[in-house]
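Peer 1: First, the structure itself, so that you have it in front of you.
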Amino acid sequence: FDAALKKIGMSEFDAEKYKKYTTAVRDEIRELRAVLDSLESKEQERVWSKNQTVGDLDEQRLIDGLTGERAIYKRRKEADPDSLNAKPKRLSFVFDVSMSMSRYASDGRLERSLEAAVMIMEALRGFDRRFDYRVSGHSGSTDSLVLVPWGKPPVSDKARYDVIRAMHAHAEMCDSGDNTIEATR
């Protein structure tokens, strides 16, 4: 364990802190991974093939049928693998890392936000070919604090811990203010 930590440049203290976050959202990570797996499997589902001479009546072709057209039916068939979108789905997550998140920490809002970030990064681990994501934050200082850029997901526990550590540090040091609308745009 110590050798593995040394290899990724993570201290035992950092590993324990990160484990605390992952343990808190372990069930949610499992559930989110199940949802992501089901999204992936939908690409193998069947599609409608229109303009058929037999099958289910295509309601959009009723007028064509009245004029004598014979190909007014539709049927289900397996989708062509070439027709599937090979590009990954893009997901953007924006977190509030403003001063109020750390100043009013008594209600646990910053901790919940950090846990949500861990849940997202852990659940998307291994789905690099299917999903491209970024994580950014907004505060009084900025409307776009890039924590995980597009196409560069954190690959180790140390890298994921560095993301939540940056979120926490920014919430501690940023200016007061609100850039929520700008960050949403």
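Peer 1: So Met167 fits all but one of (1) within 22 Å of Gly9 (Cβ to Cβ); (2) open to solvent by 50 Å² or more (accessible area, probe 1.4 Å); (3) touching a helix residue (DSSP H, G or I) at 6+ places or on another chain (Cβ under 9 Å); (4) not basic (Lys, Arg); what number is the exception?
Peer 2: Of everything listed in (1) within 22 Å of Gly9 (Cβ to Cβ); (2) open to solvent by 50 Å² or more (accessible area, probe 1.4 Å); (3) touching a helix residue (DSSP H, G or I) at 6+ places or on another chain (Cβ under 9 Å); (4) not basic (Lys, Arg), Met167 misses just condition (2).
Peer 1: Moving on to the next point. Identify, by number, the condition in (1) closer than 20 Å to Tyr21 by Cβ; (2) assigned to a helix (DSSP H, G or I) that Val155 doesn't meet.
Peer 2: With (1) closer than 20 Å to Tyr21 by Cβ; (2) assigned to a helix (DSSP H, G or I) applied to Val155, the lone miss is (2).
Peer 1: Quick one: which of Ser92, Ser176 is surrounded by fewer than 17 Cβ atoms within 10 Å (Cβ to Cβ), part of a loop (DSSP other than H, G, I, E, B) and touching a residue at least 12 places away in the same chain (Cβ under 8 Å)? Before the answer, list the steps.
Peer 2: Numbers: Ser92 fails: part of a loop (DSSP other than H, G, I, E, B).
Matching residue, one of Ser92, Ser176: Ser176.
Peer 1: Still on this structure, I have one more. Go through the stretch 47-56 residue by residue and tally those that are touching a residue at least 24 places away in the same chain (Cβ under 8 Å) and either out of contact with any Lys or Arg (no Cβ under 9 Å at 6 or more places or on another chain) or open to solvent by 40 Å² or more (accessible area, probe 1.4 Å) (or both).
Peer 2: Filtering the stretch 47-56 down to residues touching a residue at least 24 places away in the same chain (Cβ under 8 Å) leaves 47-50.
Next cut, either out of contact with any Lys or Arg (no Cβ under 9 Å at 6 or more places or on another chain) or open to solvent by 40 Å² or more (accessible area, probe 1.4 Å) (or both) only: 47-48, 50.
Residues flagged as touching a residue at least 24 places away in the same chain (Cβ under 8 Å) and either out of contact with any Lys or Arg (no Cβ under 9 Å at 6 or more places or on another chain) or open to solvent by 40 Å² or more (accessible area, probe 1.4 Å) (or both) within the stretch 47-56 amount to 3.
Peer 1: Within the group Ser141, Ser100, which residue is over 21 Å from Lys19 (Cα atoms), in a helix (DSSP H, G or I) and hydroxyl-bearing (Ser, Thr, Tyr)? Before the answer, list the steps.
Peer 2: Values: Ser141 fails: in a helix (DSSP H, G or I).
None of the others qualify; the one that does is Ser100.
Peer 1: Further question on the same structure: Of these, Asp132, Asp82, Asp157, which one is over 22 Å from Ile29 (Cβ atoms) and either at pLDDT below 85 or touching a Phe, Trp or Tyr at 6+ places or on another chain (Cβ under 7 Å) (or both)?
Peer 2: None of the other options fit; the residue is Asp82.
Peer 1: Considering Met119, Met167, which residue is at negative phi, touching a strand residue (DSSP E or B) at 6+ places or on another chain (Cβ under 9 Å) and not acidic (Asp, Glu)? Spell out the reasoning first.
Peer 2: Values: Met119 fails: touching a strand residue (DSSP E or B) at 6+ places or on another chain (Cβ under 9 Å).
Result: Met167 is the single residue among Met119, Met167 that is at negative phi, touching a strand residue (DSSP E or B) at 6+ places or on another chain (Cβ under 9 Å) and not acidic (Asp, Glu).
Peer 1: If you scan the stretch 88-128, which residues turn out to be among the basic types (Lys, Arg) and closer than 17 Å to Ser156 by Cα?
Peer 2: Going residue by residue through the stretch 88-128, those that are among the basic types (Lys, Arg) are 89-90, 103, 109, 112, 125.
Answer for the stretch 88-128, where residues must be among the basic types (Lys, Arg) and closer than 17 Å to Ser156 by Cα: just Arg125.
Peer 1: While we're on this one: List every residue pair whose Cβ atoms sit under 8 Å apart, with the two residues 6 or more apart in sequence or on different chains, where the first one lies in the stretch 57-70 and is at negative phi and the second, anywhere, is charged (D, E, K, R) and open to solvent by 90 Å² or more (accessible area, probe 1.4 Å).
Peer 2: That search, which allows pairs on different chains as well, returns Asp58/Lys50; Arg61/Lys50.
The values are calculated or read from the model by the stated rules, or taken from the named source; none is laboratory data. Here the structure is a predicted model, which is why all the values come from computation and not from measurement. All Cβ positions, even for glycine, are placed from backbone atoms using ideal geometry, and neighbour counts span all protein chains on display. All accessible areas refer to the heavy atoms of the entire protein, side chains included, with ligands and DNA or RNA removed. Shrake-Rupley method; radii C 1.70, N 1.55, O 1.52, S 1.80 Å.
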